[in-house]
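Novice: Got a structure here, written out as C-alpha cells. Questions coming.
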Amino acid sequence: MTGSVLKPAKENQVTLLQYILIIHSMQLGIGVISLPRDLADTGGTDGWIALFIGYAGSLVASLLIVQIMKKHPEGTIIDLISRFFGRWSGYLMTAVFGVYFSLYAYLLLDRMILLIHSWIMQQSRPFVLMLLFVIPAYMIVKGGWRALGRYAEIILLCSLWMPFMLLTLFDQAHWLHLLPVLKEGWMPVFSTVPATVLSFLGFEAAFFLYPHLGNKKKASLGIFVANTLTLIVYLYVTILCFVVFSPDEITYYNDIMLTLAKIIEYRFVERFDIVMLTFYLLVISKTWIPALHMTVYCSHRLVPIGKAATHLLLLLIGMLAVTYIWNPGWLTSDKWIALFSKFGLLMAFIFPVALWCLLSVMSWFPRWQK
Amino acid sequence: MRKKQFCCMTVAVCLLSLLLSGCKDRLDLENITLVLMVGIDLDEDNNLVLYSSSPVFSKEAKSKNETSKVTATTIREARGELEARVSALISIGKLQNVLIGKRVLRHKGWVQLLDVLYRDSKAKTNARLIAVDGPVEPVMYFAPDDKRRLSLHIAKLVDTAHERNLVEKSTLFEFHRLLFDKSITPYMTELRLSNSEIVLPGTALLDNEGIYRTSINLEENELLQIIQDEKLADLSLTLVLPDVKHEKSVFETRAISFYVTDVKRKVSVGYAGGKFIFDIDLDLPIHLTERLFAYNVDKNATRLEAMIDKQLEQQMGKLIAKLQKAKVDPTGLGLFARAYQYAAYKKVSDGWEKDAFAKADVRIRVDTEIKDYGEMR
C-alpha cells in the first residue's frame, strides 16, 4: 500500500516487449470498433490507403519523442521540461498532461461503458457498470509501469484468438468492392488522413514510459514495432469490413466491427458479438488504465500531498461521480471525443515537433551541451 | 498488516457485491418466450398484421408451438401487444425466420419495418428473410404432424435447399447489403403452403426499393447461382437435348443429368455506345449421373458437350432476358461494372438495374467438359 506509482525508475523497469505492448495497447482501443466506418465515410473504399499516411505521421512523431527523451534519459517529460525551461514551465506542462490524460482515461472508459450499455446491458445504469471496472483498474495502476506491462502481456495472450476468428468472415468477402483503387483520385484519401492520425494516438505515453525502459537503445525500435502492430490490426479490420460490407451500406452502421461479429455463428454459440465484445473490453481497458497511471503521476507531481494511491482513489471516485451526475450518452460522448482528438493532435503531434525543434536550436548553445 | 489488508478487501468486495442488484438486465430463462419466427402481412384493408411463433417447453401443453396474431403499426409496437398474449417475455435474440407476405412486398416502404431488427443490438441478424406466396396466416398456424416445430423445419428447409443451390437465401444482414448496394438488387427465398405441405418454389426477386418484381424457379435459380459464381454444394442439372433422336413415348428420353462439379467464371466488362457489354465465360467440368438415351460418350464426347453447352447457353440467355425485362439484377454483374468501368458506372449507379443492366448486352459462353460419365458406358 505504498505509493509505488512513484517508485524510482530502477525498481519499476519494463522490458522491451512490455514497452512495445503498452504503447501499442494505448493506441488500440475503441477506435477499431468504428474505424472502418469512419474511413469509409470520407474516403470511400480507398479509406484504407489513408491508414499508411496516418501511420507515417505517427511514426515520425513517435521517433521525435524518443529523440527528445534521449536528452534527459533518466526522467520523464516533466523532468526534462523543468530542466530545460525552468520549474514553472514544468508545473504548467504537468497540469496540461494531467488534464490530457484524465480526459483520455475518462472518455475512453465512458465509451467502453456505453458499448456495454448498448450491446449487452441496456437496462443497467452506466455508473454501476463503471464501478465494476474501477476496482480492477485501481489494483493494476497501483502496481506501476511493471504491472501495466504485465497486464498488457496477459491481455495480448487472451486476445490473440480474435483475428483468427474473424478469418472465417473472408468467405463472405467481395474483393471487387476494393476496385478500382483510387476511384475518385487522391482527394478523398487525403481528407481521411485526420481520422487515421487520431486513431494512432497513444504513443505519447512514451514521454512517461521512456525512463522506465530497461534497454534504452531499443526505444526507437520498440516504438516503431508498436506503431506497426497497430497499423497491421487497423489494416486487417478495415480491409475485412470493406470487402464484406457493400461500399454503399458501410456508412450506415455505427459499431461496425460488432455488427460484423454478429454474423459469426456456430452450432454451439450464437451471438458471437457478445463473446467478442466481452473479450474486447479487456483490450479497451488497456487504453485507459495506463492513462490513469499517468494522470496520477502528474497530479502527484503537482500536489505532492498524500500517497499516489490516494490520488488514484480520488480520481476514480471523481469519475464515478461525473458519470452518476452527468451520464453522457452517445451523442455527448462523440462530441467530447471529437473535441478531445483536437487536444490529442496538439499533445501528440504538434507538441513533440515543436519541442524537438526548440531543443535542437538550444543544443547549439554551449550552455545546453552536455 | 497483511491480515488487516485482507479483511479490508473482503469487506469491500462484500459491500460492492450488494451493488450487483443494480444490474437490471437479469432475465431468467423461464421468463423468456423465444420468438423463432415472425410473420408480417397486410389484411384486406391493408392493416399491418404481425404474427409470432415461439416454442412451448411446458409438458402440460399439448401443442409444441404457440402462435399469436396482433395488428400494430410497427414490429416493436407489436412486442407489447404480443407480450400481453404469449406465456412470457418476448425475446427476438433467437429469431430464425422472418416471413413476409407478398402483399407487403408490393408496397413501397415496407423495408423500413425491418429497422428494429437492425437497430436493436439484441436482435439476431442471421434470421432468414422469406417471401410467402399467398397469405402468411395459414403458414404461421400450420402444424404438420410429420415435421418438427415449423419454425425450425422452415429454417432447415431453406438452409438445405440453398446448400443445393435450389433457392437463394437472404439473411437480414445479407438483405441489407443487397438492398443498399446500388449495383445489385435484393432477393429472398420464396415459400408457399400447398396441399398441407411447405414448398419452396424458388426465389423472389425484388427491385432496388424492395418491391417484388418476379420469381424464378428452382432450375433458373441453379443457373443464376452459376452466373453469380456462388455454387455451394452439389449442383445437379437435368437438360432435355432437342438434337438427340427421340422415339415418341410418354417418357422424355432425351434427358441428361449431370453434376456441375466446379464453376470457373471469367467476366469482362466493356462499355460502348452507352451500353455495358458483359462477356461471361463459364468453364464447367461436369460429371454425368443420368442419361436416358443411347450415346457413345467414349467416342463422341465433344458433340455431347457441344449440345449441353448450347442448351445451357440458351437457358441462361432466357434467364438474363427475363431479369432484364423485370428490371432486376441479382447477378452481381454491377460489381464488375463498378470495378472495371467506374466512369461509366458512376453515371448510371442510381438506377443501375433500370438504366444499365436492362439495356446491357450480356453474352454468355458455356464450355462444359465431361470429366466423368459414371459407371455405365
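The values are calculated or read from the model by the stated rules, or taken from the named source; none is laboratory data. For clarity, every value in this text was computed on a predicted model and none was experimentally measured. Because the Cβ atoms are built from the backbone with ideal geometry, glycine has one as well, and the counts that use them run over all protein chains shown. In case anyone asks, the SASA skips ligands and DNA or RNA and just uses the protein heavy atoms, side chains included. Shrake-Rupley method; radii C 1.70, N 1.55, O 1.52, S 1.80 Å.
Novice: For the stretch B:234-377, take the convex hull of the Cα atoms, compute a quarter of its surface area, and give me that in nm², please.
Specialist: The directionally averaged projection comes out at 10.3 nm².
Novice: For peptide B:153-161, what's the mean number of Cβ atoms from other chains within 10 Å of each residue's Cβ?
Specialist: 0
Novice: Taking a 1.4 Å probe, which of B:Cys7, A:Cys241 shows the most accessible area, and what order do the others take after it?
Specialist: Heavy-atom accessible area, descending, gives B:Cys7, A:Cys241.
Novice: Taking amide H atoms as placed 1.01 Å from N in the peptide plane, list the residues 5 or more away in sequence, or in a different chain, whose amide H sits under 5 Å from that of B:Arg128.
Specialist: The answer is B:Asn97, B:Val98.
Novice: To one decimal place, what Kirkwood hydrodynamic radius in Å is obtained for the stretch A:126-249 from all pairs of distinct Cα atoms?
Specialist: Hydrodynamic radius (Kirkwood, Cα pairs) of the stretch A:126-249 is 18.2 Å.
Novice: Still on this structure, please answer the following. Across the stretch A:281-286, in residue order, what do the Karplus-derived ³J(HN,Hα) couplings come to in whole Hz, using 6.51 cos²θ - 1.76 cosθ + 1.60 with θ = phi - 60° and x for Gly and Pro?
Specialist: 4, 4, 5, 5, 4, 6
Novice: Springs between alpha-carbon pairs under 10 angstrom, Gaussian network model over chain A: which of A:Gly86, A:Gly214, A:Gly29 fluctuates most?
Specialist: The residue that fluctuates most here is A:Gly86.
Novice: Could you derive backbone 3J(HN,Hα) for the stretch A:230-240 from the dihedral phi with the Karplus parameters 6.51, -1.76 and 1.60 (θ = phi - 60°), listing whole Hz in sequence and x where the residue is Gly or Pro?
Specialist: 3J(HN,Hα) across the stretch A:230-240, in whole Hz: 4, 4, 4, 4, 4, 4, 4, 5, 5, 4, 4.
Novice: State in Å² the accessible area per residue of the protein assembly as shown; use a 1.4 Å probe, count heavy atoms of protein chains only, and round to the nearest integer.
Specialist: 46 Å²
Novice: Enter the accessible area of B:Thr10 (Å², nearest 10), with the probe set to 1.4 Å and all protein chains included.
Specialist: So the heavy atoms of B:Thr10 present about 60 Å² to solvent.
Novice: Of A:Glu74, A:Glu204, A:Glu270, which has the largest mean-square fluctuation in a 10 Å C-alpha GNM of chain A?
Specialist: Of the options given, A:Glu270 has the highest mean-square fluctuation.
Novice: Ok, one more. If ligands, DNA and RNA are left out, what is the accessible area of B:Thr289 with a 1.4 Å probe, given in Å² to the nearest 10?
Specialist: 70 Å²
Novice: For the stretch A:243-299, what log10 I(q)/I(0) values come out of the Debye formula at q = 0.27 1/Å, with one point per alpha carbon and no solvent?
Specialist: -1.04
Novice: Using a 10 angstrom cutoff on alpha carbons, build the Gaussian network for chain B and name the most mobile of B:Met37, B:Met307, B:Met140.
Specialist: Of B:Met37, B:Met307, B:Met140, the Gaussian network model singles out B:Met307 as fluctuating most.
Novice: Right, another one. Would you rank B:Glu313, B:Glu81 by solvent-accessible area, highest first, keeping every protein chain in place and using a 1.4 Å probe?
Specialist: B:Glu81, B:Glu313
Novice: Rounded to the nearest 100 Å², what's the accessible area chains B and A bury against each other, both chains counted, probe 1.4 Å?
Specialist: 3300 Å²
Novice: Let me ask you something else. With every protein chain in place, what's the accessible area of A:Lys142 (1.4 Å probe, Å², nearest 10)?
Specialist: The accessible area of A:Lys142 comes to roughly 40 Å².
Novice: Moving to a separate point now. Return the carbon/sulfur percentage of the accessible area of the stretch A:151-195, one whole number, probe 1.4 Å, all protein chains in place.
Specialist: The value for the stretch A:151-195 is 79 percent carbon and sulfur by accessible area.
Novice: Additional query: How crowded by other chains is B:177-183, given as the mean number of beta carbons from other chains within 10 Å of each beta carbon?
Specialist: Per-residue shielding by partner chains comes out at 5.
Novice: Scan around B:Lys182 for amide H atoms under 5 Å from its own, H built in the peptide plane at 1.01 Å from N, and keep only partners 5 or more places away or cross-chain.
Specialist: A:Asp248
Novice: Another one. Net charge around B:Ser63, counting only other residues with Cβ within less than 14 Å of its Cβ (Lys, Arg = +1; Asp, Glu = -1)?
Specialist: +3
Novice: Mean shadow of the stretch B:28-210, computed from the convex hull of its alpha carbons, in nm²?
Specialist: Result: a mean projected hull area of 10.8 nm².
Novice: State whether chain B is rounded, prolate or oblate according to the following rule on the C-alpha gyration tensor (a ≥ b ≥ c being the square roots of its eigenvalues): a/c under 1.5 gives rounded; otherwise a/b larger than b/c gives prolate, and the remaining case gives oblate.
Specialist: prolate
Novice: Follow-up question, since we're still on this one. So how do A:Ile305, A:Ile135, B:Ile75, A:Ile77 rank on accessible area, 1.4 Å probe, biggest first, that is with the largest at the start?
Specialist: These residues rank, largest area first, as A:Ile305, A:Ile135, B:Ile75, A:Ile77.
Novice: If you don't mind, another one. First compute the accessible area of chain B with a 1.4 Å probe, then give the percent of it belonging to carbon and sulfur atoms.
Specialist: 51 percent
Novice: Taking amide H positions as placed in the peptide plane 1.01 Å from N, state which residues far from B:Lys94 in sequence (5 or more) or on other chains have amide H under 5 Å from it.
Specialist: Answer set, sorted by chain and number: B:Val35.
Novice: Something else: Principal axis lengths of the protein assembly as shown from Cα atoms, whole Å, largest first?
Specialist: 109, 67, 50
Novice: Still on this structure, I have one more. Percent antiparallel among DSSP beta bridges with both residues in the protein assembly as shown, to the nearest 5?
Specialist: Given both bridge residues lie in the protein assembly as shown, the antiparallel proportion sits at roughly 60 percent.
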